[in-house]
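> I am attaching a structure below and will ask some questions about it afterwards.
The values are calculated or read from the model by the stated rules, or taken from the named source; none is laboratory data. What you are looking at is a predicted structure, and each value in this text was computed from that prediction instead of being measured. Cβ coordinates were reconstructed from backbone atoms using ideal geometry, including for glycine residues, and neighbour counts include every protein chain displayed.
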Amino acid sequence: MTKLPNKTSLAEQKSLLRAEIRRLKQLQLPDDLQAWSAAICEKVMALPEWQSARTVLLYAALPDEVQTLSLQEEALAAGKRLLLPVVQGDLLSLRCYTHQTPMCKGSFNIDEPQGADFLDYETIDLAIIPAMAYDREGHRLGRGKGYYDRLLPHLQCPLVGIVYPFQVLEKIPAETWDIPVRRVITIG
């Protein structure tokens, strides 16, 4: 992993870490990423918080993220209310998703659910949060747009981060307003 210079700003440090994570992602074999995604999702489904949750916030994965389709399918099969984020300007809105929900391509070429925004945040029992990287204290390195930074303060439920093993770093520079996740799940 690249050692960060001492005198760089927090934004520069995060930018360097993002570049390093992107480089590491390119080195991974697709079969490994697929196997790791499956193993990580199995660990999530074994969590007591997952098993007892009635309303779960997930994400529709970008190609380079832990794939969550099995979690989506399991949530729906178990009768959970499933929420997916939708990019609206600088914010993430949440919307309910079922197999019958109309979808359309969103800002990052990800299928996003159509319909009314979900605003009943206090009923969310568990949120699975993506990241470029996490550290051992649960601090998150996002993609730099601040979408989850603006969403997380509204959530009172357990926050769980899921990433590939090379995305768990010793330390991520954090701002005072950053909200760490309760638990980071990876393999190994």
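> Would you confirm, using the coordinates I've provided, whether Ala60 is assigned to a helix (DSSP H, G or I), touching a residue at least 12 places away in the same chain (Cβ under 8 Å) and surrounded by 12 or more Cβ atoms within 10 Å (Cβ to Cβ)?
Taking the combined requirement at face value, the residue does not satisfy it.
> If I ask for residues that are part of a loop (DSSP other than H, G, I, E, B) and within 19 Å of Val66 (Cα to Cα), which ones from the stretch 121-131 would you list?
Pro130, Ala131
> How many residues, within the stretch 27-47, are over 19 Å from the mean Cα position of the chain (by Cα) and not charged (D, E, K, R)?
4
> Further question on the same structure: Which one is modelled with the lowest pLDDT among residues in the stretch 152-188 that are among the polar types (S, T, N, Q) and part of a loop (DSSP other than H, G, I, E, B)?
For the stretch 152-188, the residue satisfying everything is Thr176.
> Follow-up question, since we're still on this one. Among the residues of the stretch 66-120, which ones are assigned to a loop (DSSP other than H, G, I, E, B) and surrounded by 15 or more Cβ atoms within 10 Å (Cβ to Cβ)?
Listed by number, the residues that qualify are Val66, Gln67, Thr68, Lys80, Thr101, Gly106, Ile110, Phe118.
> How many residues are touching a Ser or Thr at 6+ places or on another chain (Cβ under 6 Å), within 25 Å of Arg183 (Cα to Cα) and not β-branched (Val, Ile, Thr) if we restrict to the stretch 75-129?
2
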